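Read the structure below first, then the notes.
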Amino acid sequence: MAFTPTASSVAFVADTTLGLSPEEALAHGIHLVPQQVVHGGRSFRDLLDISPEEVLALLAKGERLTTSQVAPEDLRETYERLLATHDRVVSVHVSGKLSGTVATAQGVARAFGSRVKVLDSWSLNGGLWLVLEEARRLLRFGVVWERLEEALAPYRQRVRGYVLPQTLTYLHRSGRIGGLAHFVGGLLRVLPILTFREGRVEAGRKVRGFGEGLRKVAELFRQEFPERGLVHLAHAGNPEGVEALKALVQAEGVEVLAALQAGAAVSVHAGPGTVALFAGPRR
């Protein structure tokens, strides 16, 4: 028999790539599970054992950090706790093409049968939030539990992310660009705009300088979303950069829903100073 949940009977879970603090997320009805930040051979729970400011400070000092998926025990404890007060749980996570969190969550969810549904956002940060809110909207408008992922698929496919690093240093450290590209790009002040689409990240347009990059991000958004779309911005310790991007977007009459922390995964791989725009279709 098909199950049609009510708004109050479903709890929503996301990982900390969402870009909100646990308190901010909870204010939006979202329960966070922490990604792992690895430094000096030790794992720290993102936002619980290590703050975004500490991550950025370590990176700025030249420390080597990596990130890892959510621990199974954190997912299991969260599902058990929420199912004590809710009928079902929707657990939405960073793209499975970028992290093992989705696969781990699916493995943990099997123990709870149909009561826990794990969804791959095909994105992260503001894109993850847009997908989660679309899942919430679909349930509110009567999509049955068994068809939620199918109903969500067209929206998820249209979500985009544009990430502009301030330097090539961290992309080089994480192995996403080679030494020659790092050297030449540094000389010429060439930066790539990383594009997130359908769960993958691609090195897209190249720009000369950060200011040009911000203008190009706004242009790419306009081309992809002529109907203007829903927008979240994010930054890794660069409030001036995100404000400049916000002004460019708002000049087109587009409302910016939030300016989020970029999160440990973006900070570690793209570096301090990174600015990003995530967008999805307007409903």
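The values are calculated or read from the model by the stated rules, or taken from the named source; none is laboratory data. Note that the coordinates shown come from a computational prediction; the quantities given were computed from them, not determined experimentally. Here the Cβ is made from the backbone with ideal geometry for all residues, glycine too, and neighbour counts use every protein chain on show. The accessibility values were calculated without ligands, DNA or RNA, using every heavy atom of the protein model including side chains. Shrake-Rupley method; radii C 1.70, N 1.55, O 1.52, S 1.80 Å.
Couple of notes before you dig in:
- Protein accessible area in the chain, 1.4 Å probe - carbon and sulfur %: 51 percent
- For the options P34, P22, P154, a Gaussian network treatment of the chain with springs between C-alpha atoms closer than 10 Å singles out P154 as fluctuating the most.
- Heavy-atom accessible surface of K117, to the nearest 10 Å², is about 40 Å², with a 1.4 Å probe and all protein chains retained.
- Net dipole in debye of segment 35-137 [+1 Lys, Arg Cβ; -1 Asp, Glu Cβ; about Cα centre; nearest 20]: 300 debye
- Structure-based [θ]222 nm, the chain - -39500 (n - 2.57) summed over DSSP H runs of at least 4, per residue, nearest 500: -11500 deg cm²/dmol
- Taking a sphere under 12 Å around the Cβ of Q35 and counting the other residues whose Cβ falls inside, with K and R at +1 and D and E at -1, yields a net charge of -3.
- Cut-off 15 Å between beta-carbons: net charge of the residues surrounding P281, Lys and Arg +1, Asp and Glu -1: +3
- Considering only F12, F225, F196, the mean-square fluctuation computed in a Gaussian network model of the chain, springs between alpha carbons under 10 angstrom, is largest for F225.
- Lysines whose Cα lies under 23 Å from that of K216, excluding same-chain neighbours fewer than 8 positions away: K206, K246
- Counting heavy atoms of the protein chains alone, F221 has an accessible area of about 0 Å² for a 1.4 Å probe.
- Candidates D74, D49, D15: whichever shows maximal mean-square fluctuation once the chain is modelled as a Gaussian network with Cα springs under 10 Å: D49
- For the residues E240, E149, a 1.4 Å probe over the protein chains yields an accessible-area ranking, largest first, of E240, E149.
- Theoretical gain in end-to-end length, A60 to S21 [0.36 nm per residue, Cα-Cα removed]: 11.9 nm
- Where L230, L191 fall by accessible area, highest first, once all protein chains stay in place (1.4 Å): L230, L191
- The chain - accessible surface per residue (Å², probe 1.4 Å): 44 Å²
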